[in-house]
Amino acid sequence: MIPIIRLPRSMQQSLESTARALLQPPGGRRIDFTRPAGEEALVAHDSTSWRIFKNPIALLVGGMAAVVLELAEPAVRTGVWKHSTFLADPMGRLRRTGLAAMVTVYGARSMAVPMIEGVVRMHGRVVGKTPAGEPFSANDPRLLTWVHATASFGFGEAYSRYVALLNSREMDALYREGLPASRLYGAVGAPETEAELRALFDSMRGTLEPSEIVFEFLRIMYRTRALPAPLRWLQPLLVRAAVDLIPDWIRACIGLTAAHGLRPGEGILVRMAGAVADRIVLPDSPPSQACHRLGLPKAYLFAPKPRLCR
């Protein structure tokens with residue numbers, strides 16, 4: 001059993017308050033991951049995904065890396081920047097996106113499927129043209145595949161680099177576990193293995209392009225209060241850690257340099273934060289509530305899994 005870390009009371013309360021805020025979307029009803037009792041999620045409870053998504057450092061770093069990759073694609077960039085509330089309410093948008101990810105991974109099927117159907121309907125209203133005049137639709141399977149693939153890549157790579165190394169079979173498992181949800185969203189061509197993910201990335205040469213919007217996104221993430229006050233010093237490091245996850249050729253393509261990534265010694269701090277976060281149980285968080293729904297022990301996600309040979 002991996003030892004669980006017990007934080008000072010004030011820090012524990014601050015993190016638990018953050019977890020509760022995620023479950024209460026502004027203007028919406030509170031999401032209860034403990035119901036219906038016994039109902040499985042779209043992703044199995046013994047999956048690689050359940051272990052990765054419990055870690056807030058991996059989610060924040062991986063999520064930011066995914067957004068950078070998405071903003072490098074002109075149609076996705078236009079849809080995100082022109083047809084969402086990100087600029088007006090970045091923290092609200094981040095919370096809603098994070099909650100959707102939690103429901104997709106940990107929510108009961110009867111909760112997750114209607115939520116995804118609602119997202120698909122909302123995407124159906126997002127159409128337009130890129131600055132170059134190319135028409136796009138947010139429900140285009142090609143664009144949805146890119147969004148799903150970048151998210152899977154970001155979360156998996158962030159966990160592997162900053163929390164605990166994942167071998168190639170575990171990475172492949174992560175991509176396969178996301179397929180049922182990806183198809184519900186409409187990403188019918190989502191990669192099933194790490195090799196397919198790399199091939200998809202290579203196929204985007206000539207499509208991805210630089211944009212000032214990428215740098216504006218990074219500036220927003222530096223100044224938006226995404227972490228509790230005692231941990232806010234860590235946020236700039238997490239933004240730079242996200243940049244470091246981007247493949248070298250894509251960073252060069254969109255104009256990100258070494259100056260945008262981690263500075264000497266910062267990687268150690270991010271890995272320490274990731275390792276600590278992987279040993280903190282937050283009773284009100286979606287992973288803990290989902291374990292309760294299935295009758296699993298509170299520390300279920302902290303039990304070590306057998307390592308697979310690379």
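The values are calculated or read from the model by the stated rules, or taken from the named source; none is laboratory data. Keep in mind that this is a model prediction, so the values were computed, not measured. Cβ: placed from backbone, ideal geometry, glycine included. Neighbour counts: every protein chain shown.
In table form, for the structure just shown:
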{"item": "Failed item in (1) outside any helix (DSSP H, G or I); (2) at pLDDT below 95; (3) of a type outside the set (Ser, Thr, Tyr); (4) surrounded by 13 or more Cβ atoms within 10 Å (Cβ to Cβ), with residue 297 passing the rest", "result": "(4)"}
{"item": "Filter pass, residue 155 being closer than 21 Å to residue 188 by Cα, outside any helix (DSSP H, G or I) and not hydroxyl-bearing (Ser, Thr, Tyr)", "result": "no"}
{"item": "Pair list, Cβ < 8 Å and 6+ apart or interchain, from segment 92-114 residues that are touching a residue at least 40 places away in the same chain (Cβ under 8 Å) and within 15 Å of residue 177 (Cβ to Cβ) to residues that are surrounded by 18 or more Cβ atoms within 10 Å (Cβ to Cβ) and hydroxyl-bearing (Ser, Thr, Tyr)", "result": "105/49; 112/104"}
{"item": "Hey, residue 216 closer than 30 Å to residue 131 by Cα and among the charged types (D, E, K, R) or not", "result": "yes"}
{"item": "Out of 118, 124, 128, sole residue that is within 23 Å of residue 79 (Cβ to Cβ), surrounded by fewer than 18 Cβ atoms within 10 Å (Cβ to Cβ) and touching a residue at least 40 places away in the same chain (Cβ under 8 Å)", "result": "128"}
{"item": "Residues that are surrounded by fewer than 23 Cβ atoms within 10 Å (Cβ to Cβ), part of a helix (DSSP H, G or I), within 19 Å of the chain's Cα centre (by Cα) and not β-branched (Val, Ile, Thr), drawn from segment 238-254", "result": "240, 244"}
{"item": "Residue list for segment 69-107, restricted to those being out of contact with any helix residue (DSSP H, G or I) (no Cβ under 6 Å at 6 or more places or on another chain) and buried (at least 23 other Cβ atoms within 10 Å of the Cβ)", "result": "79, 107"}
{"item": "Complete set of residues in segment 161-176 that are crowded, with 20+ Cβ neighbours inside 10 Å and not hydrophobic (A, V, I, L, M, F, W, C)", "result": "161, 162, 170, 172, 175"}
{"item": "Any chance residue 110 is surrounded by fewer than 16 Cβ atoms within 10 Å (Cβ to Cβ), within 24 Å of residue 173 (Cα to Cα) and either at pLDDT 95 or above or not β-branched (Val, Ile, Thr) (or both)", "result": "yes"}
{"item": "Tabulated pairs, segment 279-293, first within 15 Å of residue 98 (Cβ to Cβ) and touching a residue at least 12 places away in the same chain (Cβ under 8 Å), second crowded, with 22+ Cβ neighbours inside 10 Å and of a type in the set (Lys, Arg), C-beta under 6 angstrom, 6+ apart or interchain", "result": "287/54"}
